[in-house]
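Down below is the structure, laid out as structure tokens.
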Amino acid sequence: MAEAGAGLVRPDVDEGDAARIARDLYGADVVARELGSNQDRNFLLTEVDGSRSVLRIDNPVFGDDARDAQHAALDAYRAAGVAVPAVLPGLDGALTQRWRGFAVRRSEFAVGEELVDAGYLAPVVLAEFGALAAASVNALAPLRHPGLDRPHMWDMRVAFDETAKLAGSITDDALRGRVLAASEEARKALAAVEGDLPVQPIHGDLTDDNVMGRRGADSRLHPHTVLDLGDLALGWRVAELAVCVSSMLHHEPDRPLRVLDTIAAFHADAPLSDAEARAVWPLVVLRAALLVASGWRQLEIDGDNDYARERIAGEQAIFDAATLLPLAEVCEQVLARVGVEAPQFSGRVEGAPLTAVLPDFTGTVEAVDPGVESDALDAGRWQRADAEAALVASALAGGAGAALLPYGVFRLTRTRVDVADAAPTWPVHTEIHLGAGPRLRVTSPVDGALRASREEPRIVLGDGWILDLRGVEIDDRAALHVSAGDMVGWLPASDTDRVLTLGLRRADAPERPPRTPGAALVEPERVPAWRRLTADPAPLLGVPSRAQHDESADELARRERIFAAAQERYYAHPPQIERGWRHHLVDTTGRAYIDMVNNVAGLGHGHPRVAEAAARQLRTLGTNSRFLFRDLAEYSERLLALMPQGSGLDTVLLVNSGSEAVDLAIRLAQAATGRRTIVALREAYHGWTMASDAVTTSAYDNPFALETRPDWVHVADVPNRYRGTYRGDDTAGRYLDDLSADLAALDRDGRDAAAFLCESVLGNAGGVLLPEGYLAGAYERVRAAGGLCIADEVQVGFGRLGSTFWGFERAGVAPDIVTIAKPMGNGFPIGGVITSKRIADALATQGQFFSSAGGSTLSCRVGLAVLDAMVEDDLQRNAENIGARLADGLRALGDEHPMVAVVHGAGLYLGVELVRDRATMEPADAEAAAICERMRELGVVVLTTSERSNVLKIKPPLCLTAQSADQVVAMLGRVLREGW
């Protein structure tokens, strides 16, 4: 075998030779096309009938023992259920053939798609790679063969030495220095555990380049068939995982921690020992360093190797990702993910707060709350640049001698909006803010060795921890070894506020988190490591700890224990949302999302006017509409004033929800007409009460909707201009002819229609606009047949469409009954029915009407506040302008991406319909769901709708800004480009 690290020139075999080999040795008449390889030659063989296979010509350095071991490994894989292509025998029955001194093998062609260039890989795919690596080591563990015990350069046990030998080929001085430094750091980390790493047969190159993918039901490309056992040999078991993980990194190199899903999945099926867990990331770094060094070396000796040249950029992306975060930090991430316990700080000081470090301090300490649920940060105050300073100032002005900004509390004050990445929000230290005053002595709260630098002394504790003290002037007389209570330095005198910062970190941790300019805070995904590398100084200050971690998984498990199976929820791994402001949602880690679905919060989340109105009313009176109070009539009059003049809509009945509003509207129509039949459109959603569910015909919400409608519901065809029975803008006449036929049939059957119920814009379909003239024609025909017309404006009304306040106004019609709800209370449950007094009074024939909370003092006060705020914030105009901007941006994406078939809707009720093929219009439902998951990762909350679940529904708070709208378009464009 050639000397390891020397580099290997590929066999001198071309496509013509490959075709001759196939004919002479396998009796196959083929066309050969070369596939990429660093050190061997691989060819795709296609026969006359279209069948395909792969021909491999091995580099001469590889012996027959190695090939026989590979054949045994293939048998082991198949026995374990791991998909691998079979080696096909030659004309003489042998698996290995000879041609001009070269060893030749022919294998089955693995059907599927290449994964190496797949772009973004979803969490489920990353986990599947980890499970495949586990299946590999489990399948190969029992294998014994002399051909496995062979030296080769990709054995991770010699990766450092090989990197050092090959690094001279890297002509970029800076890159070469980085490669050598990273590999040396990884070598040192491995040295502590390598003696405890189990050795067994491993594939050795189980990467995205050697696994063929197949499309799943979710439309994603999933790992399936394992290829190329050329690096099969004995090696560290954990190296199988590390090699696999490294190949995942280039799919999103700026987010290397995503591959923790790969590691966790491997651990679930092939549990890692503590030593293996500690070795994972050093091995990932070594693999990445070796890839870079060997790639440069391969080009140096085989400059015509286009495959190697094309791989250089991807290999450097792997290295950049592997070294983006400190090695020690990512090692702790791995340990945290697989459940290895971290060292705990056990120090504690009993006594008055702060006196352990500031013995002259005599005031009180107030811990201020910069967190996501802080009451002091409402009304968007968290977005102010001076938000933290204002919290501190308020505490000091209120009489506190010191204000404490605690360690480990996710700071809402550091949240950023309209960005793809989460902001650093979790502090690794505690800040003590004191007002102006004379200088104060600073003493050590613990025993240890003082290591001083100007204004940043640190005390090295005997149990492997370090206490950092920042903002302190060192006292020249301070001893090198201090006991608790000994003088360290001074907090300088000042006529302005002063800050003393305390940080507790492990001795093997960096002094502060890298990549965190300014205050030492880390992004939420980095917290699991920094919770292990640091500790809360609270015990040293005699104050309770307030440190937080992401509890969303615990909260999800808690919810699933107590909720019904039918309860809907969003996302596979939902964030825990505890704060909203305007059109943004913020989870408990301080991660902000653009909210594109909460049409209930029409004004935006946390609107001060609504909050103040509700609070004020709750302090004064809470009663129902049977009592006489001013706001009930005032609110009703305000609602009626929003109806078109001359519409005859002069009576209001208030309820709690849209479902109740639709339910009541049906009762009114049946009472006023003396008929029972309600004509509803196919694919519509109207609510969940008995009556509103009866007219809900959407199979999206109920797969058996059409066959389970009660006999008093007649389902008419839905006039969907894009996907309906008749397609195009000029289709109203044909749909109306069908409706006329329906009404005539009902008349013949003695089931005359009491009412026609229709959303003015097809909301459940994703904001599909009705064909021009349809609504007016439908109302005319229904009324001619003696029925009433009900407009369901629960979703599409209240200014959302921009050009008009109500959806029915776009058609120039006035219904007999209007149902309203969602945005009326901006999150408070309010619904209503607006109709004529004649129709409303018919309800008296069925008894009295009453709703406990509908029209209560509180709902009326909130409703009035919402109407006032809509005018003050000019939200209808904003819906029109920003909606047009957003729609234009989304339609522009359709020019680049065929999956975007059409953008429905108007104003800020839009729908992006996704298809797999524009000609066949096959719904891209799985893709739409996957895109929503990916969009959440990038800071946008968007979800699917329509009968086919292939429309991205876009109905955000009406305060959406141009900046946020542009960000949504940019992120959707990124997902369509990179994958989901």
Summing -39500 (n - 2.57) over every DSSP H run of at least 4 in the chain, dividing by its residue total and rounding to the nearest 500, the 222 nm mean residue ellipticity is -11000 deg cm²/dmol
Under the Karplus relation 6.51 cos²θ - 1.76 cosθ + 1.60, θ = phi - 60°, what is the ordered set of whole-Hz ³J(HN,Hα) values for region 777-783, x standing for Gly and Pro?
-> x, 5, 4, 4, 5, 5, 5
In nm, to one decimal, how far is the modelled label at Val419 from the one at Tyr571, with both set 7 Å along Cα→Cβ?
-> 1.7 nm
Describe numerically, in nm with one decimal, the distance between label points set 7 Å from Cα along Cα→Cβ at Asp917 and at Asp711.
-> 4.4 nm
Normalised by the number of residues in region 191-274, what is the relative contact order in percent for Cα pairs under 8 Å and 6+ residues apart?
-> 31 percent
Would you pull out the residues with amide H under 5 Å of Ser494's amide H, same chain only if 5 or more places away, H placed 1.01 Å from N?
-> Gly437
Arg546 paired with Asp75, simple spin-label distance in nm, labels 7 Å along Cα-to-beta-carbon = 6.7 nm
Any idea what the dipole of the chain comes to, in debye rounded to 20, about its Cα centre with Lys/Arg Cβ at +1 and Asp/Glu Cβ at -1?
-> 1920 debye
On a 0 to 90° scale, report how tilted helix 327-338 is relative to the longest principal axis of the chain, with both axes built from alpha carbons and the result rounded to the nearest 10.
-> 60 degrees
With r as the distance between the Cβ atoms of Arg451 and Asp173 and R0 = 25 Å, compute the FRET efficiency 1/(1 + (r/R0)^6) and round to 0.05.
-> 0.15
Dipole axis of the chain (+1 Lys, Arg; -1 Asp, Glu on Cβ), positive-most option in Leu504, Leu649, Gly399 | Leu649
In terms of the Cα gyration tensor, with a ≥ b ≥ c the square roots of its eigenvalues, is region 1-341 rounded because a/c is under 1.5, prolate because a/b exceeds b/c, or oblate?
-> prolate
Residues Leu461, Leu88 in order from fewest to most other beta-carbon atoms within 10 Å are Leu88, Leu461
Just tell me which lysines come within less than 27 Å, Cα to Cα, of Lys822; anything on the same chain fewer than 8 places away is out.
-> Lys837, Lys953, Lys955
Could you calculate the FRET efficiency of Asp729 with Ala784 from 1/(1 + (r/R0)^6), where r is the beta carbon distance between them and R0 is 30 Å, rounded to 0.05?
-> 0.75
A correct fewest-to-most ranking of Thr355, Thr362 by other Cβ atoms within 10 Å would be Thr362, Thr355
Checked the chain against the a/c 1.5 cut and the a/b vs b/c comparison, axes a ≥ b ≥ c from its Cα gyration tensor; verdict oblate
Roughly how many whole Å is it from the C-alpha centroid of region 237-283 to that of region 427-452?
-> 40 Å
Could you point to the residue in Ala928, Val900, Gly863 farthest towards the positive end of region 829-980's charge dipole, with +1 and -1 charges on the Cβ of Lys/Arg and Asp/Glu respectively?
-> Gly863
Only Cα pairs under 8 Å and at least 6 apart count here; give the relative contact order of region 62-133 as a rounded whole percent.
-> 21 percent
Would you mind checking region 177-201 for residues with the amide N under 11 Å from a putative spin-label position 7 Å along Cα→C-beta of Asp508?
-> 189-193
Amide H within-cut-off set for Val902, under 5 Å, with H built and near neighbours excluded = Glu913
Sequence-distant lysines (8 or more away, or on other chains) whose Cα lies within less than 27 Å of Lys165 = Lys188
Gain on full stretching of the segment that runs from Arg33 to Ala313 - 0.36 nm per residue minus C-alpha separation = 98.4 nm
Zone of Ile301 (label point 7 Å along Cα→Cβ, backbone N under 14 Å): which residues in region 35-69?
-> 38-40, 59-62
Degrees, to the nearest 10: 15-26 long Cα axis against longest axis of the chain = 80 degrees
Using 0.36 nm per residue of separation minus the Cα-Cα distance, give me the extension gain between Asp65 and Lys837 in nm, one decimal.
-> 268.5 nm
Would you mind ranking Arg381, Arg10 so that the residue whose beta carbon has the fewest other beta carbons within 10 Å leads the list?
-> Arg381, Arg10
Identify, among Val125, Val193, Gly462, the residue whose Cα sits farthest towards the positive end of the charge dipole of the chain, taking +1 on the Cβ of Lys and Arg and -1 on the Cβ of Asp and Glu, with the dipole about the Cα centre.
-> Gly462
Where in region 696-800 are there GluC sites (Glu not before Pro) that are in a DSSP coil and have at most 15 other Cβ atoms within 10 angstrom of their Cβ?
-> Glu772
Sort out for me the Cα centre separation of region 197-217 from region 571-595, rounded to whole Å.
-> 36 Å
Nearest 10, in degrees from 0 to 90: the angle of helix 387-397 to the longest Cα principal axis of the chain is 80 degrees
Which value, in debye to the nearest 20, describes the size of the charge dipole of region 1-341 about its Cα centre when Lys and Arg Cβ atoms bear +1, Asp and Glu Cβ atoms bear -1, and nothing else is charged?
-> 340 debye
Tell me, what is the FRET efficiency for Asp360 and Arg381 to the nearest 0.05, using R0 = 30 angstrom and their Cβ-Cβ distance as r?
-> 0.35
Under a point-charge model restricted to the Cβ atoms of Lys and Arg (+1) and Asp and Glu (-1), what is the dipole moment magnitude of region 365-541 relative to its Cα centre, in debye to the nearest 20?
-> 360 debye
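Values in this text are rule-based calculations from the coordinates and carry no lab data. Everything numeric here is computed off the predicted structure, so don't read it as measured data. Note that each Cβ is placed from the backbone with ideal geometry, even for glycine, and that neighbours are counted across all protein chains shown.
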